[in-house]
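Some notes on the structure that comes next.
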């Protein structure tokens, strides 16, 4: 039996449980001083403080945390990991006042990335994403969601999802696939959007489900993209074929996405920059997790989602990166956590829960990852930090010292 013993932990900080934390509970975490964690065959078998029992030392690889902070591995619950090309040319447009939706209407934005993604092979897409995953792992992300959505045609969407499957077999970060064929209406359907929606519902969603290419179905509910009613049709089609609903909602205009999320029982509503009060109420009633993306607001110069209002209303809040080539070309979840403290006014404890357990719940992995508890997977981080406040106080630097995935030290 392969064992790893992590000892001399100055402070172990972790949320607990296998469900998303809401309200006050989001900020209630376990803090253990002088702690240890034993992992056997990739699963945590003991967590405690004080002197390490002698039997735990037998035949174990011993890692000395040297009095530093240890937390669960980070969970990034919203990324657009697989894409071709970049969009640095849009930076100047944005600086001159051209908006995100205006760039999209001109054939840029998502549609620009679609052209690059269609031109790339599955292997090229996987190789590009693998480089980013190494950087993400070095910064503490041990599990992440990965969306399609830059193919917008059957074979190109399947190609993205197959690249995600390939990466799950070849590198340590666990990927959870989401089908986002409803990311935009492709150029060839701009005069017949109803035909594209039929293609999504009658061909692409059934094939994705049959070939087990994704676990979730997502849709970009936004002005100029998909209406709330169109989003309902697409997400209900996904549910029919066993794909759990997620929704990009209220990023730029509040057109009903957050209200829809609660009504249909979406597991997450994502972005929510301009989420109205009735949208928050709907999500609270429906049990929808708010997956917030503070680095996107930062990059776009937008306002910030009303995270405090959500927590006060009993909505569980997760924090993720939104890594993508247009509105957040960064996969640094540590930075997103920093911004969440500074702009959402979340406490370090709330932010830790948001980037671990609540993120895991948003991709249906909270029974496996997101906390340091007996029976959970041995995904752990040793930080070059004495306490939780320090990692939220410092920004722009990678403070992760050691990454442990399934009980094994990852050499990056």
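Read-outs: derived from the displayed coordinates by stated rules, not from any lab. This is a predicted model, so every value here is computed, not measured. Ideal geometry is used to build each Cβ from the backbone, glycine not excepted, and the neighbour counts take in all protein chains shown.
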How much length is gained on full extension from residue 263 to residue 309, taking 0.36 nm per residue of separation minus their Cα-Cα distance?
-> 14.6 nm
Any idea what angle helix 110-119 forms with the longest principal axis of the chain, computed on alpha-carbon atoms, 0 to 90 degrees, nearest 10?
-> 80 degrees
Express in nm, to one decimal, how much length is gained between residue 8 and residue 212 on full extension, taking 0.36 nm for each residue of separation and deducting their alpha carbon distance.
-> 69.2 nm
Kindly identify region 313-412 as rounded, prolate or oblate by the Cα gyration tensor criterion: order the square roots of the eigenvalues as a ≥ b ≥ c, call it rounded if a/c is under 1.5, otherwise compare a/b with b/c, prolate if a/b is larger, else oblate.
-> rounded
If you line up the long axis of helix 228-240 against the longest principal axis of the chain, both from Cα atoms, how many degrees apart are they, to the nearest 10?
-> 60 degrees
Helix-only [θ] at 222 nm, the chain, -39500 (n - 2.57) per DSSP H run of 4+, per residue, nearest 500, equals -10000 deg cm²/dmol
Go ahead and run the numbers for FRET between residue 121 and residue 229, Cβ-Cβ distance against an R0 of 35 Å, rounding to 0.05.
-> 0.45
Cα→Cβ-extended label distance, 7 Å offset, between residue 155 and residue 409, nm = 4.7 nm
Euclidean distance between Cα centres, region 161-224 to region 138-153, Å | 12 Å
Restricting to region 75-361, what percent of DSSP beta bridges are antiparallel, rounded to 5?
-> 0 percent
Determine Rg/Rh for region 118-257; Rg is computed over alpha-carbon atoms and Rh is the Kirkwood hydrodynamic estimate from the same atoms.
-> 0.98
Taking Cα atoms, how many degrees apart are the long axis of helix 277-286 and the longest axis of the chain, rounded to 10 and kept between 0 and 90?
-> 60 degrees
